[in-house]
Structures are given as structure tokens and as C-alpha cells.
Amino acid sequence: MSIPKIQEFDCAFIENADNQFEVAKIICSLANSQGGMLYIGVKSNGKVKGVYPNDVLNQLTEIVSSCIKPSLQFTNDIIEEGLKLVVCVKVPFESNKKYQAKLNEKEWEFFVRLNQYIMPANKIIRRSWLVEKNSLASALETNPELKAFLKVISINQPISLSKLYKVANTPLDKVDKYLSALVSLKEVVLAFDGNTIVFSVKS
């Protein structure tokens with residue numbers, strides 16, 4: 001197994017596992033998206049630093065048990081890069097489970113991965129997880145208001161939620177409802193533009 005050159009949607013780097021909260025955030029963001037790999041012992045620029053695998057695996061066991069909920073199962077590989085060792089954590093994706101990471105001694109948060117960025121799951125993302133997709137598929141075909149809403153996104157894309165509230169000519173609660181539905185159906189995709197989450201119609 002080789003180490004990717006850059007971080008992507010399903011691939012993350014971290015130098016070590018010393019910051020338990022940061023490691024938990026990354027693992028949860030992968031698990032709540034499509035799963036992926038966390039390479040421990042690699043700098044953000046892709047340069048291999050190396051770690052002591054036994055120490056990292058002990059830290060991971062503690063992090064997963066105390067800083068992630070519900071319980072998450074992972075597997076791992078040890079990768080040798082020259083004289084340095086990297087721990088590759090394989091994070092699974094389960095569509096029926098969403099994971100929270102511990103932020104501090106009191107707070108927990110859901111995280112997702114947009115491109116290579118880790119983001120708290122906003123209300124649209126969290127609501128999309130709860131949507132019943134079967135009923136939505138037929139609604140998209142029969143509901144003219146929902147189809148018109150999709151067209152507004154298409155015309156203004158990529159568009160932030162705050163701007164969508166202004167241009168949609170739709171009550172705010174319906175904006176949240178329709179947008180969550182379209183995200184759940186993957187008719188609308190999310191990205192991070194450096195400042196905020198933006199929405200676009202799937203190409």
C-alpha cells in the first residue's frame with residue numbers, strides 16, 4: 001500500500017495522534033461522509049514524518065472509546081516508507097450510523113468532509129440524514145414547487161444557504177426542507193468555498 005500525495009475527500013493526513021480531539025474529528029468526518037483512510041505520521045503537505053505504531057494504536061484505542069460516539073470499528077495497516085513507519089486507519093462508512101466527535105470535556109459535534117476540508121455538519125446536512133428517500137424520489141417528479149426550487153439553485157450556483165434564503169422566494173422552513181431533500185437524493189451537492197458551505201446542482 002502506498003501513501004497518496006495529497007489529502008482528498010476520502011484521505012486525510014495527521015502528524016501524530018497526540019491531539020485526541022483532532023483525531024476524533026477527522027475519523028468522524030470520514031465515517032459520516034463515505035469512509036476513507038487516515039494516515040498518521042504524514043504532514044499536511046504529504047511529507048512522511050513517521051510514528052511509533054504501537055504508541056499510535058494505543059492512542060487510537062483510547063480515542064475511539066472515549067471521544068467518538070456511537071462505537072466505531074476500524075482496521076489498520078502499517079506502511080513502511082523508507083525507514084519511517086506510518087499508521088493507516090481504515091474508517092468504514094455505514095449509511096445507518098452517524099458519528100459525533102468530542103470537542104472538549106462537555107461538547108460533542110457531528111463532522112463531515114467536503115473535499116479535503118473538515119466541517120461541522122450544518123442543519124441541512126443533519127436533516128438530510130433523516131429524510132425518507134423513497135418518498136422524495138417521487139416528490140421530485142410530481143412537486144412543481146420542488147422542481148422550481150431546484151432550478152433556482154441551478155441558476156445561482158454555487159450558492160450559500162444565506163443567499164438561497166434571499167433569492168428562493170420560498171418560506172425559510174421550506175428552503176431547509178427542500179434543500180435537505182435534494183441533498184439526500186444527491187440532486188444537490190455541497191462544497192466548501194473557503195468561507196462557507198455552498199450548494200450546486202449535480203452535474
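Go through (1) assigned to a helix (DSSP H, G or I); (2) closer than 25 Å to E109 by Cα; (3) of a type outside the set (A, V, I, L, M, F, W, C) one by one and return the number of the condition S33 breaks. Single failed check for S33: (1).
What's the total number of residues in region 63-95 that are surrounded by fewer than 13 Cβ atoms within 10 Å (Cβ to Cβ) and over 21 Å from F9 (Cβ atoms)? Going through region 63-95 one residue at a time, the tally reaches 8.
When each of I14, I118 is tested for being crowded, with 16+ Cβ neighbours inside 10 Å and modelled with pLDDT of 95 or more, the lone residue that passes is I14.
The criterion of at least 3 residues that are of a type outside the set (A, V, I, L, M, F, W, C) is met by the following strands (runs of 3 or more DSSP E) wholly inside region 50-118: 75-81.
Residues of region 72-93 that are β-branched (V, I, T) and either touching a residue at least 40 places away in the same chain (Cβ under 8 Å) or farther than 14 Å from G36 by Cβ (or both): I78, I79, V86, V87, V89, V91. Taken as a whole, the condition of being at pLDDT below 90, under 30 Å from I68 (Cα atoms) and outside any helix (DSSP H, G or I) applies to K186. With the structure loaded, tell me whether S138 is more than 21 Å from Q20 (Cα to Cα) and either at pLDDT below 95 or part of a helix (DSSP H, G or I) (or both) or whether it fails that test. Spelling it out, S138 is indeed more than 21 Å from Q20 (Cα to Cα) and either at pLDDT below 95 or part of a helix (DSSP H, G or I) (or both). Across region 141-183, which residue is surrounded by the fewest Cβ atoms within 10 Å (Cβ to Cβ) among those that are acidic (D, E) and at pLDDT below 90? Filtering region 141-183 for residues that are acidic (D, E) and at pLDDT below 90, the one surrounded by the fewest Cβ atoms within 10 Å (Cβ to Cβ) comes out as E141.
The values are calculated or read from the model by the stated rules, or taken from the named source; none is laboratory data. Quick caveat: nothing in here was measured; it's all calculated off a predicted structure. When we count neighbours, we look across all protein chains shown, and the Cβ atoms used for this are built from the backbone with ideal geometry, even at glycine.
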